[in-house]
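Worksheet: one structure, shown below.
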């Protein structure tokens, strides 16, 4: 592995018991506008053990980028932006799941990934998954190879663009089960919202901490 970005070392040494967690998630959680709808818990211990990788790399201008995928129309969470990941197989650790799914979905081998930490798990009531995100730094600029069975597009976004408030939009959406005020990042033709945005929100809180410590 080549020397990693200072953000990697910041995350490795940061106390895990003081993560931003729910406070960060709530900033990007859709807000129900229907009086009779109540959001289910986002911190439940129930749900299928699942994990995602937040893959990051430095581009040729030494800017940190995060890799995202656009799901195909034929799988769960169709047409949404996600991190690579999925449910754990029997006998597999959550970290192993995140690395396996990343290789299967976008062609990044586990040997290219250095895990900095895991961040706060998020429970998704609609799929009954409890997702543990792992923050991984890549040893170089990856050649992304989307698996067409799962991924319509794999792309990267600079972290700094997600810090720019002009890219954070809030709109009222009529979803199938309720009306919501939805915060999302306008960094792709498809909005970056929902669980992926909530996980990203915690990563960005940590990135802000890192920038303030420099």
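The values are calculated or read from the model by the stated rules, or taken from the named source; none is laboratory data. Bear in mind the structure is a predicted one, so any value in this text is a computation, not a measurement. We place every Cβ from the backbone using ideal geometry, glycine too, and count neighbours over all the protein chains shown.
General observations
- Test: residue 119 is buried (at least 17 other Cβ atoms within 10 Å of the Cβ) and either within 16 Å of residue 4 (Cα to Cα) or in contact with a helix residue (DSSP H, G or I) (Cβ under 6 Å, 6 or more places away or on another chain) (or both): yes
- Here is the figure for region 141-161: residues that are part of a strand (DSSP E or B), closer than 14 Å to residue 55 by Cα and touching a helix residue (DSSP H, G or I) at 6+ places or on another chain (Cβ under 6 Å) total 1.
- Unmet requirement for residue 100, which otherwise passes all of (1) in a helix (DSSP H, G or I); (2) under 14 Å from the mean Cα position of the chain (by Cα): (2)
- Residue selected from region 71-93 under the condition surrounded by fewer than 20 Cβ atoms within 10 Å (Cβ to Cβ) and in contact with a strand residue (DSSP E or B) (Cβ under 8 Å, 6 or more places away or on another chain), by the criterion farthest from residue 149 (Cα to Cα): 87
- Selected residue (only one of 173, 185 is buried (at least 18 other Cβ atoms within 10 Å of the Cβ) and either more than 18 Å from residue 66 (Cβ to Cβ) or in contact with a strand residue (DSSP E or B) (Cβ under 7 Å, 6 or more places away or on another chain) (or both)): 185
- Which listed residue, of 124, 138, is in contact with a helix residue (DSSP H, G or I) (Cβ under 6 Å, 6 or more places away or on another chain) and modelled with pLDDT under 95: 124
- Single residue of 111, 165, 153 found to be surrounded by fewer than 18 Cβ atoms within 10 Å (Cβ to Cβ) and modelled with pLDDT under 95: 165
- Filter pass, residue 16 being over 26 Å from residue 165 (Cβ atoms), touching a residue at least 24 places away in the same chain (Cβ under 8 Å) and touching a strand residue (DSSP E or B) at 6+ places or on another chain (Cβ under 6 Å): no
- Pairs linking a residue in region 94-117 that is free of Cβ contacts under 8 Å to residues at least 12 places away in the same chain and at negative phi to a residue that is assigned to a helix (DSSP H, G or I) and surrounded by 22 or more Cβ atoms within 10 Å (Cβ to Cβ), with Cβ atoms under 6 Å and 6 or more positions apart or on different chains, are 110/99.
- Residues of region 118-136 satisfying the condition of being touching a residue at least 24 places away in the same chain (Cβ under 8 Å) and not in a strand (DSSP E or B): 119, 120, 121, 125, 127, 128
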